[in-house]
Amino acid sequence: MPQALRVATYNVHACVGVDGRHDPDRVASVIAELEADIVALQEFTYPAGVAIETRMPVTLTLADPYECVLGPTRQRGSECFGNALLTRHRIVDVHRFDLSMERREPRGAIAATIEVRGTVVHVLAAHLGLRVHERRFQVSQILEYLDSVRHTLVVVLGDFNDWLPGRSVVHVLDDRLGKPPRRPASFPVHWPIVPLDRIWVNPLRALRRIVTHATPTARLASDHFPVVADVDVSVTESA
C-alpha cells in the first residue's frame, strides 16, 4: 500500500509579494494550501535574536502544525536571511552546509534526517548561486552529501537558479538521482517559463507526481510559485 509523503519547495522572496507588500501571513496561507508534510523555504527572513536551534516557525504564525529548521546565510540589520525547512514529522538530525563562494552572495543548504511513519528520509534543501561557477562548486558539495546517504530514500529540493540547457550545472544531479519525468516552470509568477525551483527523489520510482502550485494567493505572495511533489515512502531501496 503506497504511503504518501508530500514535499514542496518555495522561494518566499522575504515574504514580499508582487504587489510590494510584506505579508508573512499570506505566505503562510500558501503553505497551508500545499498540504505538504515537508516544505523547503528560500529567502526566508526572521528576527536575528531568534536562536538558530529554535523549532518554532518564526514569523509564520499560521504554520503552527510544523516544526522549523533554520538555515540562515547572512544577517541584514536586525534580520537573518536564508533557508528554512518545515516538517510535520520527527526531526532525527540536522546539518547545515555553507555553500558560499568568496565575493558572491552567501548561500547554504540544510540537510535533515526525518522519520516518516517509521521510514527514514534524508532531505537536503538548498538555494544555489546565480553564476555557473558558483553552482558547479555548490553541486559538488551536494554530491558529497549524497554519497554519505546512499541506498536510502532521499529528497533534494530548493531554488537551484539553473535553467539554461547549454550551461546547466545541476544536470549532474539528474545523473546521480534520476531525472524527474517533468520539470514544471515556477518563475516568474506572472508568466512562469523558468524551472528554477526543483525537486529530486531517489529512488526515482518513489516519485508519484510533481506540479507547480499556481493558485491566486500564490500568484501574489511571492515572485516564485511553489513546486510540490508526492512521494511513496514505501519505496526505499536506492540504486
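Taken together, the values in this text are just the output of simple stated rules run on the coordinates, not laboratory data. Bear in mind that the values here come from a model prediction, so they are computed numbers and not experimental data. Neighbour counts run over all protein chains shown; Cβ positions are idealised from the backbone, glycine included.
Structure summary
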{"quantity": "Fluctuation leader among VAL50, VAL154, VAL228 - the chain, Gaussian network, Cα springs under 10 angstrom", "calculated": "VAL50"}
{"quantity": "Cβ-based exposure ranking for SER222, SER234, SER148, in which fewest neighbours within 10 Å come first", "calculated": "SER148, SER234, SER222"}
{"quantity": "GNM flexibility winner over the chain from LEU164, LEU204, LEU173 (Cα, springs under 10 Å)", "calculated": "LEU164"}
{"quantity": "Normalised contact order of the chain, rounded percent, pairs of Cα under 8 Å and 6 or more residues apart", "calculated": "23"}
{"quantity": "Alpha carbon centroid spacing (whole Å) that separates segment 189-209 from segment 1-69", "calculated": "18"}
{"quantity": "Rg over Rh [alpha-carbon atoms, Kirkwood Rh] for segment 177-226", "calculated": "1.03"}
{"quantity": "Expected 222 nm ellipticity per residue - DSSP helices of 4 or more, -39500 (n - 2.57), all of the chain, to 500", "calculated": "-5000 deg cm²/dmol"}
{"quantity": "Residue order, fewest to most beta carbons within 10 Å, for THR54, THR9", "calculated": "THR54, THR9"}
